[in-house]
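Report on one structure; see the data block that follows.
No lab work stands behind these numbers, since they all come straight from the coordinates. Predicted, not measured: the structure shown is a model, and the values here were computed from it. Neighbour counts run over all protein chains shown; Cβ positions are idealised from the backbone, glycine included.
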Amino acid sequence: MAPQRITREDAGSLIEARRELGEEMEPAVIDAFLDRVEAAAEARAAAAKKPPRSDDGRAERLALSIISLGTGIPITAIAAEQGGVQGMIVAWLGIVGVNFAFSRKR
């Protein structure tokens, strides 16, 4: 539901109603208008308080995946030079372990 908006036409209607109904009805007209203003303010405040839509951590997982692949290339090169195939396997098990642990955190 879109928040209500008080327009100049609404204020003009208030003034015209006050003129037509006279001084004895003035408090009721003003109270009705103030109730509309208050309802509009509360609707706006409620709309502003709504939390942003959650993406369930997809952006964080995507960022971690990209970083893992980006750092995995030099780590693979270093591990291959120092430990051969076994070093590469250990390095990638570490990268996979970090990603798995992060995904299980949620």
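Could you give the size of the charge dipole of segment 55-106 about its Cα centre, using +1 on the Cβ of each K and R and -1 on the Cβ of each D and E, expressed in debye and rounded to the nearest 20? Don't jump to the answer; show the numbers that get you there.
Values: 5 positive and 4 negative charges, 42 e Å.
Dipole magnitude for segment 55-106 comes out near 200 debye.
Count the net charge of all other residues whose Cβ sits under 12 Å from the Cβ of PHE33, scoring Lys and Arg as +1 and Asp and Glu as -1.
Details: positive: ARG18, ARG36; negative: ASP10, GLU16, GLU26, ASP31, ASP35, GLU38.
Around PHE33, the surrounding residues sum to -4.
Quick one: Karplus J couplings for segment 70-81, per residue in order, coefficients 6.51, -1.76, 1.60, θ = phi - 60°, nearest Hz, x for Gly and Pro?
Values, residue by residue: x, 7, x, 5, x, 5, 4, 5, 5, 5, 5, 5 Hz.
Could you compute the FRET efficiency for ILE89 and LYS50, with r as their C-beta to C-beta distance and R0 at 41 Å, rounded to 0.05?
Numbers: r = 48 Å, r/R0 = 1.17.
Working from the Cβ atoms, E equals 0.30.
Taking θ as phi - 60°, what are the ³J(HN,Hα) couplings along segment 32-41 by the Karplus curve (6.51, -1.76, 1.60), each to the nearest whole Hz, with x for Gly and Pro?
5, 5, 5, 4, 5, 5, 5, 5, 5, 5
Please say if segment 8-49 is rounded, prolate or oblate, where rounded means a/c under 1.5 for a ≥ b ≥ c the square roots of the C-alpha gyration tensor eigenvalues, and otherwise the choice is prolate for a/b larger than b/c and oblate otherwise?
Details: a/c = 6.72, a/b = 2.43, b/c = 2.77.
It is oblate, given that a/c is not under 1.5 and a/b is not larger than b/c.
Farthest toward the dipole's positive end in the chain, which of GLY94, ALA48, LEU62, given Cβ charges of +1 (Lys, Arg) and -1 (Asp, Glu) about the Cα centre?
Going by the Cα projections, it comes out as GLY94.
For a test of the definition: using alpha carbon positions, the gyration tensor, and the 1.5 limit on a/c, classify the chain as rounded, prolate or oblate. Don't skip to the answer; put the middle values down first.
On the way: a/c = 10.98, a/b = 6.10, b/c = 1.80.
Note, shape of the chain comes out prolate.
Counting pairs of alpha carbon atoms under 8 Å apart in space and at least six apart in sequence, what relative contact order in percent does the chain give?
Numbers: 39 pairs, mean separation 24.4, N = 106.
Across the chain, relative contact order equals 23 percent.
With a sphere of radius 13 Å drawn around the Cβ of GLU9, what net charge do the other residues whose Cβ falls strictly inside it have (Lys, Arg +1; Asp, Glu -1)?
Neighbourhood net charge equals +1.
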